[in-house]
Amino acid sequence: MSKQNTYVTLDIGTTSVRVMIGEMTNGSLNVIGMGEAPSIGIKKGAIVDIDDTVQSIRQAVEKAERMINSKINNVVVGVTGNHLELQPCHGVVAVSSDDSEINDEDINRVIDAAQVISIPQEREIVNIIPQQFIVDGRDEISDPRGMLGVRLEMEGMIVTGAKTMLRNLLRCVEKAGLDIAEIALQPLAAGTAALSKDEKNLGVALVDLGGGSTTVSVFEGGTLRGTSQIQVGGDHIANDISVGFRTSKEEAEKIKLEYGYAFIPEASEQETFSVAKIGSDQPENRNQLELANIIEPRTEEIFEMVAKEIQRLGFNDLPGGFVFTGGTAKMPGILELANDMFNQNIRVAVPDYIGVREPYYMNSLGLIKFTHQHMRIQGEDVFAELTPADEPRNHRQPPKKREKQKPREETYKSRETTAPQANREKGQMKKKVSNMFKTFFE
Ligand SMILES: Nc1ncnc2c1ncn2[C@@H]1O[C@H](COP(=O)(O)OP(=O)(O)OP(=O)(O)O)[C@@H](O)[C@H]1O
Ligand SMILES: [Mg+2]
């Protein structure tokens, strides 16, 4: 059964797979379910083992299902990774109606027109991010619907991803028995929840400090301008502790979570703990200052890489500063270190909702808010399909409203068949993508 204004999202990270179920009522979000499982098939932000990834997804889904006492049939999948690229796009159409009033159909057509660019065989379009509309030469229009005009243009960014990476990801979701309600660029979605309008307008870097990776996304002029993933994250900090204290990775992770401090000048020598050493049954006494001497240099290195990526993306000055999300943003002393390194506004974004007040829930939360914001255009297919716990799972219900919105899973399968079929499906997928990302009327 499709549950109106309810969304199930899937964030497949290196450390954890997270499922979140959120219900939007009168503009406010209620998180009604959560499921989380350790991620065992992902390294450095990429899938290295499909079966392990499927297992992690299933575990997270089952936990969430128990919370809501229903079976989950479909999910909104967040995509991220270094294979994603943004490039400028531009579409032009003549306004179709006799009275020259711009309507939804014109917007659809101009976004479709902007997608007609050549992309390499091995890549495909994930999202379109419109940045402005131009009506008869007047630019900076964010929503032209209802305006009068003859010529409608759209300028924006097109997000493409490596086909193989996207397919691997979506195949894991399918193999876990889930339909794909929608896919969304994770940083774009996270920005919806983590950033203020002012920050996005002025220029801000959203930095997701994850486990195996750190994702830097720059927003400016109200929209996402670039995103990049660095293959270093909190897991590397734990690794360094394991080497520095000659202890197991598990023990190092525990120590990091309990005593970790990222800023040497404020770490306490009095805060002591014992460490089980590899190859010895004599635990060793250590203190937080020694620990900070390991954590700070690695964190500093991550921040330096973040600054470099921002520059590489073409930004020197971001008046909105930095906003941190992700599990590593929880590390005490991280703000102090960042403040010491950068002369910028820096804050950690934490969801303000019961049960999910942690920076690592920001991506899931963003996916819900983002999908809801754009639901009007995406159609009702994005709503959660839930089945009571004691009934068999139901799958691939035909779309109710819009025929063209085939489940993406089918699109992927049939594209591997014959060429004409693949082309037809490609058209459908393009349509779906374009429906998805008429997203900007915020
Ligand atoms: N309280 C804490 N202090 C320090 N680090 C923490 C804390 N809580 C979680 N972490 C770290 O956060 C990391 C996991 O973050 P997160 O859950 O955002 O990653 P992920 O989404 O699974 O991975 P990625 O985004 O890299 O694919 C781990 O390295 C974990 O040790
Ligand atoms: Mg993550």
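Rule-based calculations on the coordinates, nothing more; no lab input. Everything quoted here is computed from the prediction, not taken from an experiment. With ideal geometry, Cβ positions are generated from the backbone for all residues, glycine too; neighbour counts draw on all protein chains shown.
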Mean-square fluctuation maximum in Gaussian network of the chain, Cα pairs under 10 Å, restricted to 311, 132, 231, hits 311
Determine, for 40, 125, the number of other Cβ atoms within 10 Å of each Cβ, and report the residues in order from fewest to most. 40, 125
Please tell me the relative contact order of the chain in percent, rounded to the nearest whole number, where contacts are Cα pairs under 8 Å and at least six residues apart. 20
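In Å³ and rounded to a whole number, note down the convex hull volume per residue for the Cα atoms of region 196-348. Write down the numbers at each step before the final one.
On the way: hull volume 13.8 nm³, N = 153.
Dividing the Cα hull volume of region 196-348 by its residue count gives 90 Å³.
Please compute the length gained on full extension between residue 344 and residue 143, using 0.36 nm multiplied by the number of residues separating them and subtracting their Cα-Cα distance.
Residue separation times 0.36 nm, minus the Cα-Cα distance, leaves 69.1 nm.
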Using a 10 Å cut-off around each Cβ, can you sort 353, 361 from fewest to most neighbouring Cβ atoms? 353, 361
If 53, 9 are placed from fewest to most neighbouring beta carbons inside 10 Å, the sequence is 53, 9
I'd like the distance between the alpha-carbon centres of region 72-147 and region 342-368, rounded to an integer number of Å. 28
Rg and Dmax of region 275-368, using alpha carbons, in Å: what are they? 17.1, 53
Once the other residues with Cβ under 9 Å from the Cβ of residue 295 are scored (Lys, Arg +1; Asp, Glu -1), what is the net sum? 0
Lys and Arg at +1, Asp and Glu at -1: neighbours of residue 324 with Cβ under 9 Å from its Cβ sum to 0
Label-point gap, in nm, between residue 121 and residue 151 - each point 7 angstrom along Cα→Cβ: 3.7
On the first, second and third principal axes, largest extent first, how far apart are the outermost C-alpha atoms of the chain in Å? 82, 54, 43
I need the helices of the chain that pass two filters: whole DSSP H segments spanning 20 Å or more by Cα along the axis, and mean Kyte-Doolittle score no lower than -0.5. 50-68, 288-312
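For region 10-77, what relative contact order do you get, as a whole percent, if you take Cα pairs closer than 8 Å and at least 6 residues apart?
Numbers: 120 pairs, mean separation 22.0, N = 68.
Computed value for region 10-77: 32 percent relative contact order.
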